[in-house]
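Below is one structure; the comments refer to it alone.
Each value in this text was obtained by applying a stated rule to the coordinates, not by laboratory testing. Because the structure is a prediction, the values reported are computed rather than measured. Positions of Cβ are generated from backbone atoms using ideal geometry, with glycine treated the same way; all protein chains shown enter the neighbour counts.
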Amino acid sequence: MKLSFLIYSYFPYGGQQRDFFRIVQECAKKGHQLDVYALRWQGEVPEYINLIKVPVRAHTRIKLYQRFTAWVEQKLSEKPPHPVIGLSKMPLLDFYFAADPCFVEKAQTQRSAYYKITGRYRHFKKYEEAVFGAGSNTEVFILSPQ
């Protein structure tokens, strides 16, 4: 089966990246074809990964993530439907491996009222709703230490 993974940035020493790599390795062992869409990739690319570097740029991280999503959405629409997997909360995902706490809950309990009117808050709230919102079909998995 073909699987597409979305990751903004891969570097071998990040916690999310190590989780991502373990999941990808297991999928490869089971014989799946793996496309990985990434903005940046540090380190060697295993032969079982078809790395697709997303060629978008922006002056802000929010705009970069929005352009990443739009570019990947366009490319995925050109291929037969297949599962899309991610470890960051974002649109397009069929499966989300959760390791981070709830962004909105943290923003509401640990940030000022001003923070809730910023573009950063609106962006990450929207991306979180794409995974957990009432209209979402994303299947959510919780990562455990095993």
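Assess whether ILE85 counts as being in contact with a Ser or Thr (Cβ under 9 Å, 6 or more places away or on another chain) and either within 16 Å of VAL36 (Cα to Cα) or among the acidic types (Asp, Glu) (or both). Against the criterion (in contact with a Ser or Thr (Cβ under 9 Å, 6 or more places away or on another chain) and either within 16 Å of VAL36 (Cα to Cα) or among the acidic types (Asp, Glu) (or both)), ILE85 qualifies.
In summary, ALA98 fulfils each of the numbered conditions (1) in contact with a Phe, Trp or Tyr (Cβ under 7 Å, 6 or more places away or on another chain); (2) buried (at least 17 other Cβ atoms within 10 Å of the Cβ); (3) under 24 Å from TRP41 (Cα atoms) with the single exception of condition (2).
Within this structure, LEU92 passes the test of being among the aliphatic types (A, V, I, L, M) and part of a loop (DSSP other than H, G, I, E, B).
Say whether the condition of being surrounded by 14 or more Cβ atoms within 10 Å (Cβ to Cβ), in contact with a Gly (Cβ under 8 Å, 6 or more places away or on another chain) and closer than 21 Å to TRP71 by Cα is met by at least one residue in the stretch 23-39. No, every residue in the stretch 23-39 fails to be surrounded by 14 or more Cβ atoms within 10 Å (Cβ to Cβ), in contact with a Gly (Cβ under 8 Å, 6 or more places away or on another chain) and closer than 21 Å to TRP71 by Cα. Where strands (runs of 3 or more DSSP E) fall wholly inside the stretch 1-66, the ranges with 3 or more residues that are touching a residue at least 40 places away in the same chain (Cβ under 8 Å) are 2-10.
Looking at this structure, is PHE124 outside any loop (DSSP other than H, G, I, E, B) and in contact with a strand residue (DSSP E or B) (Cβ under 9 Å, 6 or more places away or on another chain)? Criteria not met by PHE124.
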